[in-house]
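Participant: Okay, handing you the structure first.
The values are calculated or read from the model by the stated rules, or taken from the named source; none is laboratory data. In this text, all values refer to a predicted model and were calculated from it rather than measured experimentally. Here Cβ is always computed from backbone atoms with ideal geometry, including for glycine, and neighbour counts include all displayed protein chains.
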Amino acid sequence: MQLENVKPDEIAILAVLSACADLGALHLGEWIHNYIEKHKLNKIVPIYNSLIDMYAKSGNIHKALQLFENMKHKTIITWTTMITGLALHGLGKEAIHIFSCMEKEGRVKPTEVTFIAVLSACSHVGLVELGRDYFTSMRSRYGIEPKIEHYGCMIDLLGRAGHLQEAKELVLRMPFCS
């Protein structure tokens with residue numbers, strides 16, 4: 001695009017950042033980040049969210065966290081992206097802390113995807129009781145009906161912690177299991 005003097009739009013930048021994230025192409029992602037800064041595109045929330053995602057998936061979780069902390073207007077996608085990135089790096093307690101901050105701030109409500117990230121974070125650090133609490137709160141506090149992915153996270157959490165009988169019982173209680 002640059003060779004043809006075509007300025008990439010928001011969609012093109014999002015596509016390139018997504019590709020960098022999926023490939024773990026940190027150096028190319030950093031180059032795109034510099035382009036974004038130079039052309040003052042860093043105020044566009046979806047681009048900022050994609051930068052956080054790219055850094056997290058490309059191995060620079062500290063840069064992702066720095067961008068997250070500097071972001072003034074976080075959407076549920078921003079929060080979920082950061083929680084997912086931290087969980088991906090085995091930083092479950094930090095992911096839970098971010099989720100708690102989101103709840104305290106109260107501006108956004110968690111989604112089904114947010115809870116997948118939170119339950120995954122609990123699983124990776126063995127926070128069984130907390131995982132159970134979050135799983136229960138999905139329905140009771142947020143009105144979110146757990147899907148098969150949430151049950152999968154809980155079964156993983158219980159299995160990793162050695163609670164195999166409880167994991168088996170949960171499988172048998174799943175509403176979509178015949």
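Participant: Residue check: is Pro110 farther than 24 Å from Asn70 by Cα and not in a helix (DSSP H, G or I)?
Facilitator: Criteria not met by Pro110.
Participant: Being surrounded by fewer than 23 Cβ atoms within 10 Å (Cβ to Cβ), farther than 19 Å from Ala117 by Cβ and more than 14 Å from the chain's Cα centre (by Cα) narrows it down to one of His62, His39, so name that one.
Facilitator: His39
Participant: So, one more: When Glu69 is evaluated against the numbered criteria (1) touching a residue at least 24 places away in the same chain (Cβ under 8 Å); (2) more than 11 Å from Ala21 (Cα to Cα); (3) of a type outside the set (Lys, Arg); (4) surrounded by fewer than 21 Cβ atoms within 10 Å (Cβ to Cβ), which criterion, by number, is the only one it fails?
Facilitator: The one condition Glu69 does not meet is (1).
Conditions (1) of a type in the set (Lys, Arg); (2) under 20 Å from Glu129 (Cα atoms); (3) outside the structural domain of Glu10 (by TED's automatic domain parsing); (4) touching a Lys or Arg at 6+ places or on another chain (Cβ under 7 Å), marked per residue:
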site: His39; (1), (2), (3), (4): no, no, no, no
site: Val45; (1), (2), (3), (4): no, no, no, no
site: Asn60; (1), (2), (3), (4): no, no, no, no
site: Glu69; (1), (2), (3), (4): no, no, no, no
site: Met82; (1), (2), (3), (4): no, no, yes, no
site: Ile98; (1), (2), (3), (4): no, yes, yes, no
site: Thr111; (1), (2), (3), (4): no, no, yes, no
site: Thr114; (1), (2), (3), (4): no, yes, yes, no
site: Ala117; (1), (2), (3), (4): no, yes, yes, no
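Participant: Does Glu112 count as without any contact (Cβ under 8 Å) to a residue 40 or more places away in the chain and farther than 20 Å from Gly152 by Cα?
Facilitator: The answer is no for Glu112.
Participant: Also: Helices (runs of 4 or more DSSP H) wholly in the stretch 1-87 with at least 3 residues that are touching a Ser or Thr at 6+ places or on another chain (Cβ under 6 Å) - which ones?
Facilitator: Of the helices (runs of 4 or more DSSP H) lying wholly inside the stretch 1-87, those with at least 3 residues that are touching a Ser or Thr at 6+ places or on another chain (Cβ under 6 Å) span 45-57.
Participant: Let me ask something else. Residue check: is Glu169 acidic (Asp, Glu), farther than 28 Å from Glu69 by Cα and assigned to a helix (DSSP H, G or I)?
Facilitator: Judged against the criteria, Glu169 is a match.
Participant: Can you tell me which residue is nearest to Ile83 (Cα to Cα) among those in the stretch 105-138 that are among the hydroxyl-bearing types (Ser, Thr, Tyr) and either surrounded by fewer than 20 Cβ atoms within 10 Å (Cβ to Cβ) or in contact with a strand residue (DSSP E or B) (Cβ under 7 Å, 6 or more places away or on another chain) (or both)?
Facilitator: Result: Thr111.
Participant: Out of curiosity, is Ile13 surrounded by fewer than 20 Cβ atoms within 10 Å (Cβ to Cβ), more than 21 Å from Thr111 (Cα to Cα) and of a type in the set (Val, Ile, Thr)?
Facilitator: no
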